[in-house]
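Novice: One structure is given below, represented as structure tokens, and several questions about it will come after.
What follows draws every value from the coordinates through simple rules; no lab data is involved. A quick note: this is a predicted structure, and the numbers were derived from the prediction, not measured. Cβ coordinates were reconstructed from backbone atoms using ideal geometry, including for glycine residues, and neighbour counts include every protein chain displayed.
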Amino acid sequence: MPSGSIVTGDAPLLRYVLERADDALVLGHRLSEWCGHGPMMEEDMALSNMGLDLLGQARALYTYGAAVEGAGRTEDDYAYLRDERAYGNLLLVEQPNGDFAVTMVRQFLYAAFMTPYWQAMTSSTDATLAAIAAKAQKESAYHVRHAGEWVMRLGDGTDESRARAQQALDALWPFTGECFMPSTAEQALVASGAVIDPAMLAAAWRETVARVVADATLTLPADTWMQRGGREGRHGEHLGHLLAELQHLQRSHPGATW
Amino acid sequence: MAAAVVDPEIPVLTIADLGVLRDVVDGPAGIVVRITPTYSGCPAMQMIHDEILAAVDRAGLGPVTVETVLAPAWTTDWMTERGRRALADFGIAPPLPGPAPVTFFRTAPGICPRCGSTDTTEIAPFGSTACKALWRCEACREPFDVFKTH
Ligand SMILES: [Zn+2]
């Protein structure tokens, strides 16, 4: 374990909040990797804006996690001082940016799930989660619209953009199933009404995805074996590299501020 | 006092106009100012927080704390009429009534704050700050910002 790593409590609510925060932080970090590299200035700003929304959602969730845990930790401790195995994000969000098509298809698949997810979570019996959801839902709606329009443009574009969009869709598809598998923490919380079972959103998600994929003249991938493990801390090789960059400063200069 | 603090990104809007200022109470431990964040990742919030502390301090009103409240979540429907007019005068189209539906390639048209035309085209849904989109007026050919419905 690298120096300064923290081990958090395992209460379901804390674990759940960290899982959702990790999704937002990891995808937000991926989008931030585009900053200064976007295909045009407007798109560079769009990618950074979406990344900023996700980073903000992550901060609100980690801050709530700190209150739930009550161990005197801050949002930064969870982001910078947990090891890869302690991260509970979906495998989908840690997938590398690839080309612009991969980034936009990944964003679309995720936002098409998170928009109805946060919408449903606005009825959470947990007032803080409901409030975070009310904000995140509106942000996510902009993401699904923006990314969905790009999927349509790329799919219904040139031979090259079409091939790349289809390739991205096929490559990312096996990581979508995990969105609908409730984590151990979620299973423990569903009965209280604090969280919803994400499985109930599978049909709505598929309907949105199928509509956009059809408008994009792309082909919906066939049902296949779905990857899982992110929620249990079993990640691909990519997350370690991402965290090495994200955590580098705090790990080499503990407590550094500016 | 605190109500006069302006949004550092759109200085014609006060935090009261924006709907960010929720409440001010004079409690036993000093003044408590409650604010609610706009976008989850809005970088202006920290600055607004610090400006409130400075404004109350300048006025010599004693100890003050700024609390961030999440519920109910901020919406552009809370923007005051004065705020909407100030935005339009500043060249930013005010937000439409919410909530904005999820549509693809079909957004309610931005209204040009210069000439009032609705013959407008969205250039980018994400503009110079989290709360704005970039549009162009086809009538007067000028680009303009739209404060997004949230
Ligand atoms: Zn005009």
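Novice: Out of every Cα pair in region A:88-137, what percent are spaced more than 14 Å from each other? Each step should come with its number before you reach the end.
Specialist: Working: 716 of 1225 pairs.
Within region A:88-137, distances greater than 14 Å cover 58 percent of Cα pairs.
Novice: Need one value for B:36-46: mean number of C-beta atoms belonging to other chains within 10 Å of its residues' C-beta atoms.
Specialist: What the average comes to for B:36-46 is 5.
Novice: How large is Rg over Rh for chain B, taking Rg from the Cα atoms and Rh as the Kirkwood inverse mean of 1/r across Cα pairs?
Specialist: Expressed as Rg/Rh, it is 1.04.
Novice: In region B:1-107, what trypsin sites (Lys or Arg not before Pro) fall in a loop by DSSP, with at most 16 other Cβ atoms inside 10 Å?
Specialist: The qualifying sites are B:R106.
Novice: For region A:174-242, state which chymotrypsin sites (Phe, Trp or Tyr not before Pro) are in a DSSP loop and have at most 13 other beta carbons lying within 10 Å of their beta carbon. All intermediate terms of the calculation are to be shown ahead of the outcome.
Specialist: On the way: sites: A:F175, A:F180, A:W205, A:W225; in loops: A:W225.
Taking region A:174-242 and a limit of 13 other Cβ atoms within 10 Å, the loop chymotrypsin sites (Phe, Trp or Tyr not before Pro) found are A:W225.
Novice: To the nearest 500 deg cm²/dmol, what mean residue ellipticity at 222 nm is calculated for the protein assembly as shown from DSSP H runs of n ≥ 4 alone, each contributing -39,500 (n - 2.57), summed and divided by the residues?
Specialist: Details: 13 runs with 189 residues, N = 408.
The helix contribution divided over the protein assembly as shown gives -15000 deg cm²/dmol.
Novice: Once you have all Cα-Cα distances for region B:2-74, histogram them in 5 Å bins from zero and send the whole-percent values.
Specialist: 3, 17, 30, 27, 15, 6, 1
Novice: For region B:2-74, what is the percent of antiparallel DSSP beta bridges, rounded to the nearest 5?
Specialist: 60
Novice: How big is the dipole moment of chain B about its Cα centre under a simple scheme where the beta carbon of each Lys and Arg is +1, that of each Asp and Glu is -1, and everything else is neutral? Debye, nearest 20, please.
Specialist: With only Lys, Arg, Asp and Glu charged at Cβ, the dipole is about 320 debye.
Novice: For region A:1-122, what D do you get in µm² per second when you plug the Kirkwood radius from alpha-carbon pairs into Stokes-Einstein at 37 °C and 0.692 mPa s?
Specialist: Working: Rh = 15.2 Å.
For these conditions, the coefficient is 216 µm²/s.
Novice: Report ³J(HN,Hα) in whole Hz for each residue of region A:93-105, in order, from the Karplus equation J = 6.51 cos²θ - 1.76 cosθ + 1.60 where θ = phi - 60°; Gly and Pro get x.
Specialist: Coupling constants for region A:93-105: 6, 8, 4, x, 4, x, 8, 4, 5, 4, 4, 6, 5 Hz.
Novice: How big is the Cα convex hull of the protein assembly as shown in projection, averaged over all directions, in nm²?
Specialist: In nm², the orientation-averaged hull projection of the protein assembly as shown is 21.1.
Novice: Return the average number of partner chain Cβ atoms within 10 angstrom of each residue Cβ along peptide B:118-126.
Specialist: Per-residue shielding by partner chains comes out at 4.
Novice: Here's another thing I want to ask about it. Please give the peptides B:94-104, B:40-50 ranked by average Cβ packing (other Cβ atoms within 10 Å per residue), highest first, as a rough proxy for protection.
Specialist: By packing density, highest mean first, the sequence is B:40-50, B:94-104.
Novice: With viscosity set to 1.002 mPa s and temperature to 20 °C, compute the Stokes-Einstein D of region B:80-147, Rh being the Kirkwood radius across alpha carbon pairs; µm²/s, no decimals.
Specialist: 177
Novice: Okay, next question. Return the inverse of the average 1/r over all pairs of distinct C-alpha atoms in region A:136-258, which is the Kirkwood hydrodynamic radius, in Å to one decimal.
Specialist: Mean inverse Cα-Cα distance, inverted, gives 17.5 Å.
Novice: Another question about this same structure. Just to check I understand the Karplus step: with θ = phi - 60° and J = 6.51 cos²θ - 1.76 cosθ + 1.60, what whole-Hz values come out for region B:107-121, glycine and proline as x?
Specialist: 10, 4, x, x, 9, 4, x, 8, 10, x, 5, 9, 7, 10, 10
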